[in-house]
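Data block below; observations after.
The values are calculated or read from the model by the stated rules, or taken from the named source; none is laboratory data. Everything numeric here is computed off the predicted structure, so don't read it as measured data. Neighbour counts run over all protein chains shown; Cβ positions are idealised from the backbone, glycine included. Just so you know, the surface numbers come from the protein's heavy atoms only, side chains and all, with ligands and any DNA or RNA stripped out. Shrake-Rupley method; radii C 1.70, N 1.55, O 1.52, S 1.80 Å.
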Amino acid sequence: MKTVETKNAPAAIGPYSQAKIVGNMVYCSGQIPVNPATSVIEGKTVGEQTHQSCKNVAALLQAAGTSIDKVIKTTCFLADIADFGEFNKVYEEYFVTKPARSCVAVKDIPKGALVEIEVIAEL
């Protein structure tokens, strides 16, 4: 098992790793829309925040030696299920291979974010 760390995605804000590689798979922790350069939430709308979360996912996957095109499964968390349509419009720009997905609304997301995306990808 190998730990993945990069400054191009937000640092872990708790006792966990950004990602772990096991065999030919990478398991990424959920990415919220924090700009890694400023440590601040990027964007006010769910669309803007989804763009940043996807950029963070892509940076983490690149650090692991793979890409967003190799994502097999995503788990997506929304602060408000009413944002599902706007979220999907941005999500489909990044996840063009249409990986398997779960998407649920949750009570709260860390730092008051509107969206969080976690992925499993092939190396």
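From the set of residues in the stretch 24-42 that are more than 11 Å from Ala121 (Cβ to Cβ) and touching a residue at least 60 places away in the same chain (Cβ under 8 Å), which is most open to solvent (accessible area, probe 1.4 Å)?
Ile41
Conditions first: (1) open to solvent by 60 Å² or more (accessible area, probe 1.4 Å); (2) assigned to a loop (DSSP other than H, G, I, E, B); (3) of a type in the set (Gly, Ala, Ser). Ala82 passes all but one, so which condition is the exception?
Of everything listed in (1) open to solvent by 60 Å² or more (accessible area, probe 1.4 Å); (2) assigned to a loop (DSSP other than H, G, I, E, B); (3) of a type in the set (Gly, Ala, Ser), Ala82 misses just condition (2).
Is at least one residue of the stretch 105-118 free of Cβ contacts under 8 Å to residues at least 40 places away in the same chain, part of a loop (DSSP other than H, G, I, E, B), within 15 Å of the chain's Cα centre (by Cα) and surrounded by fewer than 18 Cβ atoms within 10 Å (Cβ to Cβ)?
No: the stretch 105-118 contains no residue that is free of Cβ contacts under 8 Å to residues at least 40 places away in the same chain, part of a loop (DSSP other than H, G, I, E, B), within 15 Å of the chain's Cα centre (by Cα) and surrounded by fewer than 18 Cβ atoms within 10 Å (Cβ to Cβ).
Among the numbered criteria (1) more than 22 Å from Val22 (Cβ to Cβ); (2) of a type outside the set (D, E, K, R); (3) open to solvent by 30 Å² or more (accessible area, probe 1.4 Å); (4) free of Cβ contacts under 8 Å to residues at least 60 places away in the same chain, which single criterion is violated by Thr97?
Every condition holds for Thr97 apart from (1).
Could you tell me which numbered condition Gly47 fails, if it satisfies all but one of (1) open to solvent by less than 60 Å² (accessible area, probe 1.4 Å); (2) out of contact with any Asp or Glu (no Cβ under 8 Å at 6 or more places or on another chain); (3) among the small types (Gly, Ala, Ser)?
So the condition that Gly47 fails would be (2).
What is the one condition in (1) over 17 Å from Pro36 (Cα atoms); (2) not in a strand (DSSP E or B) that His51 does not satisfy?
(1)
Can you name the residue in the stretch 69-79 that is more than 9 Å from Val119 (Cα to Cα) and in a strand (DSSP E or B) and is also farthest from the chain's Cα centre (by Cα) among such residues?
The extreme case among them is Leu78.
Please go through the stretch 50-65 and pick out each residue that is open to solvent by 20 Å² or more (accessible area, probe 1.4 Å) and either charged (D, E, K, R) or under 10 Å from Phe87 (Cα atoms) (or both).
His51, Lys55
Across the stretch 1-44, what is the number of residues that are assigned to a loop (DSSP other than H, G, I, E, B) and either out of contact with any Asp or Glu (no Cβ under 7 Å at 6 or more places or on another chain) or of a type in the set (Asp, Glu) (or both)?
Residues that pass the stated criteria total 22.
Using the structure shown, decide if Pro99 is modelled with pLDDT under 95 and either under 18 Å from Asn8 (Cβ atoms) or out of contact with any Leu (no Cβ under 6 Å at 6 or more places or on another chain) (or both).
Considered against the rule, which asks whether it is modelled with pLDDT under 95 and either under 18 Å from Asn8 (Cβ atoms) or out of contact with any Leu (no Cβ under 6 Å at 6 or more places or on another chain) (or both), Pro99 comes out as no.
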